[in-house]
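The values are calculated or read from the model by the stated rules, or taken from the named source; none is laboratory data. Bear in mind that the values here come from a model prediction, so they are computed numbers and not experimental data. No Cβ is skipped: glycine too gets one built from the backbone with ideal geometry, and neighbour counts run over all protein chains shown.
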Amino acid sequence: MNIFGDLLRGHTDMILLSVLEKNDSYGYLINKQIEKLTDNEFSFTEATLYTSFKRLVQLGYVTTYWLESDSGKKRKYYSITSQGLQYLTVQNQEWKKIKTIIDKIIKA
Amino acid sequence: MYNKIKEYVNYQLRFDTSENNQEKKEEIIGNISDRYDEIFEKNHDENLAYVEAIKSMGDFTLDDKILETKEKSYKPNISEMFLIAGAILSAFGLLMIFLNVVAGAVVVMLSIISFSIGASYLYQESQYIKNEEYDIDKHNHYVNKIFSYMKTCFIFWAISISLLLTLLIYNLIAVAFMASNLGSITSIDDFQLIFFLLAIVFVILFLISLLIFSSLYKRLMKKYYLITGEEKLVSVGQKIKQFLFLESFDNKIKLIFIKNWFYPTFTLIFSLYCFVDLILLSTGTYGDIDRSNLAILISEFVVVVPTIIISIIAITGKFKSRFVAPFVYLISTIVIFILTFSLYSMAGPISFLSAIVLVVFMLIDIIVNLKYSQQKK
């Protein structure tokens, strides 16, 4: 489980940007979406999530804004930028390449 | 429960110095609260929901902006109390020997018993954890506790046992003198020679016991390496030092020592005590001493009064160096000690002892401050 988790954490930026590609979201909801997509097999801690988003904001791939929900809770939303989308495209291409290479090795 | 989550997050991020730390806390509290609501809705168990929600927070100490060092935490084991008691009693026993030899010996013995019970129980516990629970981290943590307390105890035991052995030999010599009808040892004219010989015996015994303890310690360290695979071991004393001076050496602690009034004020208090004691001595409170005794007069007005004046000038800030006063005081106490040696005054030895403590304290302060300034660079 640790190796599995570490492998996924190595691709944190790509995972987070992929979730944001669909629509803007906030920390808890992003994690919920990841849990749902992975059948509750994986989620990030607040610490990982926060530091990753901090880095993505600094790199200009993501922007933030605050919104108040119907229940009155203030939430920090993350939104992917055009730069972020370009970066995600490159990351997706690289991932596909790596996957093909590893598949070739394993299946050989 | 929201406040409990808020308190926890605020506590965990109490050292966070980042610019937007309030916003950061608000965001994390919001996310954890949402997580809490979700788990509570499923289980209807407040405590479970709280613990699970808090677990999702993760470790923020990995963030480079946070200064806290993460400590390993395990539920305290009852046998650790015996280790702590053993270490405290080992230090206390050494002090007791100076006051009462028998009581000191009993305390040292209690310290060894307490440490042995704690160590053997904790060792068994660590073996059980290794073999049954397969938790090597916890096993190493317990073994580390045993050896780090042992390191501190060893130092005090080595000194205490050498002292006790020396006193035992002294008593044996005294009994031998009395048995051979040479009279009490204290009536011998050449008392200084006996004292000198005993001092040599003490040093020899002390070195022998140190060698025994250090070889025993080396063997145990090899065992420690074999058990845990770790080479370095920090004693409890060193941990306390690190806790007080290095790792948590923030500006608040530094300011206590660096205050300009600190050393001159203590010098003034000690000098005033010394002056009062000398006055009592000269007024005959302690017995029939000549009121115009030259030694007392010199001690009072040539030595103590100038020290008091220097201390006051230093406190007022007119005299810049705060380190001069304790040294002046140390020199003056040596002079008083010599001058009043034959008068059985406590002013000499007590003031000399206080001066030594003050100067040692100041030297530690200087070393710590130098280390701090080097760290800052």
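Per the conditions (1) surrounded by fewer than 20 Cβ atoms within 10 Å (Cβ to Cβ); (2) farther than 14 Å from B:SER79 by Cα; (3) modelled with pLDDT of 85 or more, the sole criterion not satisfied by B:SER160 is (1). Scanning region A:12-25 finds no residues that are within 9 Å of chain B (Cβ to nearest Cβ) and touching a residue at least 24 places away in the same chain (Cβ under 8 Å). Among the residues of region A:30-48, which ones are more than 8 Å from chain B (Cβ to nearest Cβ), in a helix (DSSP H, G or I) and of a type in the set (A, V, I, L, M, F, W, C)? Matches in region A:30-48: A:ILE30, A:ILE34, A:LEU37. The residue pairs whose first member lies in region B:250-271 and is within 12 Å of B:PRO326 (Cα to Cα), whose second member is at pLDDT below 70 and β-branched (Val, Ile, Thr), and whose beta carbons are closer than 9 Å, counting only pairs six or more residues apart or on different chains, are B:PHE262/B:ILE256.
Residues that are in contact with a helix residue (DSSP H, G or I) (Cβ under 7 Å, 6 or more places away or on another chain) and either within 23 Å of A:ASP70 (Cα to Cα) or not assigned by TED's automatic domain parsing to the domain that holds B:ILE54 (or both) within region B:5-23 comprise B:ILE5, B:LYS6, listed in sequence order. For region A:79-94, the condition of being on the phi < 0 side of the Ramachandran plot and within 14 Å of another protein chain (Cβ to nearest Cβ) holds for none of the residues. Just to be sure, is B:ILE185 at pLDDT 80 or above and either surrounded by 14 or more Cβ atoms within 10 Å (Cβ to Cβ) or in contact with a strand residue (DSSP E or B) (Cβ under 8 Å, 6 or more places away or on another chain) (or both)? For B:ILE185, the condition - at pLDDT 80 or above and either surrounded by 14 or more Cβ atoms within 10 Å (Cβ to Cβ) or in contact with a strand residue (DSSP E or B) (Cβ under 8 Å, 6 or more places away or on another chain) (or both) - is not met. Considering region B:3-21, and only residues there that are within 12 Å of chain A (Cβ to nearest Cβ) and outside any loop (DSSP other than H, G, I, E, B), the residue that is surrounded by the most Cβ atoms within 10 Å (Cβ to Cβ) turns out to be B:VAL9.
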